[in-house]
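Student: What follows is a structure written as structure tokens; I'll ask about it next.
Readers should treat all values here as calculations from the given coordinates under stated rules, not as data from a laboratory. For clarity, every value in this text was computed on a predicted model and none was experimentally measured. Don't worry about glycine lacking a Cβ; one is built from the backbone with ideal geometry, like all the others, and counts go over all protein chains shown.
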Amino acid sequence: MLPEETIATTGERVSFERERGVSAIVVSPEVAYLSVRSEWDEDPIQVRQRALRALEQAGISIFLIKIQRSGLSFGVDAETMQTACKVLHSERFRVSVKPRRRMVSIFAQNMRELHGVLAKTAEVLNSAGVALEQISDAHNRLTCLIASEHTEEVVKRLRRAFNLREDATRWVEERTR
């Protein structure tokens, strides 16, 4: 039998496997979270399309998009918050803004197959008295939007909860374009 034909038994690791479990935390630069509604009674689909079109024409990137009953909410880079508000107000939208937010991303291989990462993260935030304002997931990460003033404490608690060293955390201070 050739070496590549051998089958690893339960408990054995093969060279191409990556370590399982949470491996890193990455903290974004500050962002703002905006909620957009129409000033008048308008079809919600039209509201969303008008808002998205106005932002696209102004060249403003958005993320963490959530469709609301009568509009939508999303994140923008802190430095584009004022421009986004100005564009949306000029289109007669009501805009509420939550400035000074950060995205805390918890990384792990095969995140969706790991049990308890979201629950443990929610427990950490709850025990710290921090609101989870928005959440998203991908195959390799869970991202939480929280108020900036709580970030250091949350990161410290997440590192403890997931048994991560301090060097497993990366603070990103500027967005790359």
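Student: Using a Förster radius of 22 Å, what is the FRET efficiency between L114 and D167 based on their Cβ-Cβ separation? Nearest 0.05, please.
Tutor: On the way: r = 21 Å, r/R0 = 0.98.
Calculated transfer efficiency: 0.55.
Student: Taking amide hydrogens as modeled 1.01 Å from N in the peptide plane, which residues meet the under 5 Å criterion relative to Q134, leaving out close sequence neighbours?
Tutor: L145
Student: Quick check: the angle from helix 151-161's long axis to the longest principal axis of the chain, C-alpha only, nearest 10 degrees?
Tutor: 30
Student: Between A24 and H89, 0.36 nm times their residue separation minus their Cα-Cα distance comes to what? Walk me through the numbers before you get to the answer.
Tutor: On the way: separation 65, 0.36 × 65 = 23.40 nm, distance 3.89 nm.
Between A24 and H89, full extension yields 19.5 nm more.
Student: Take the Cα of E123, step 7 Å along the line toward its Cβ, and report every residue of segment 142-172 whose backbone nitrogen sits under 16 Å from that point.
Tutor: Only 157-164 pass the distance filter.
Student: Also, quick follow-up: With a 10 Å cut-off between alpha carbons and a GNM built on the chain, which of R160, R141, R100 moves the most?
Tutor: Comparing R160, R141, R100 in a Gaussian network model of the chain, the most mobile one is R160.
Student: Right, here's the next one. HN-Hα J couplings of segment 112-119 from phi, Karplus 6.51/-1.76/1.60, θ = phi - 60°, integer Hz, Gly and Pro as x?
Tutor: Working through the residues one at a time gives 6, 9, 8, 8, x, 5, 5, 4 Hz.
Student: Quick check on the exposure proxy: order V172, V130 from fewest to most C-beta atoms within 10 angstrom. All intermediate terms of the calculation are to be shown ahead of the outcome.
Tutor: Details: V172 13, V130 19.
Least crowded to most crowded, the residues run V172, V130.
Student: Using the 10 angstrom Cβ neighbour count as an exposure proxy, how do W171, W40 rank, fewest first? Before the final figure, lay out each step's value.
Tutor: Working: W171 13, W40 8.
The most exposed by this proxy come first: W40, W171.
Student: For segment 32-99, just run the numbers: alpha carbon Rg, then divide by 2.2 N^0.38 Å, N being how many residues it has.
Tutor: Relative to the 2.2 N^0.38 Å estimate, segment 32-99 comes out at 0.96.
Student: Please work out the Cα convex hull volume for segment 21-65 and give it in Å³ per residue. All intermediate terms of the calculation are to be shown ahead of the outcome.
Tutor: Details: hull volume 5.6 nm³, N = 45.
Cα convex hull per residue, to the nearest whole number: 125 Å³.
Student: Return the label of the correct value of semi-axes √(5λ) of the Cα gyration tensor in Å, as calculated from the structure shown, out of (i) 38, 19, 15; (ii) 40, 20, 13; (iii) 32, 19, 16.
Tutor: The value matching this structure is (i).
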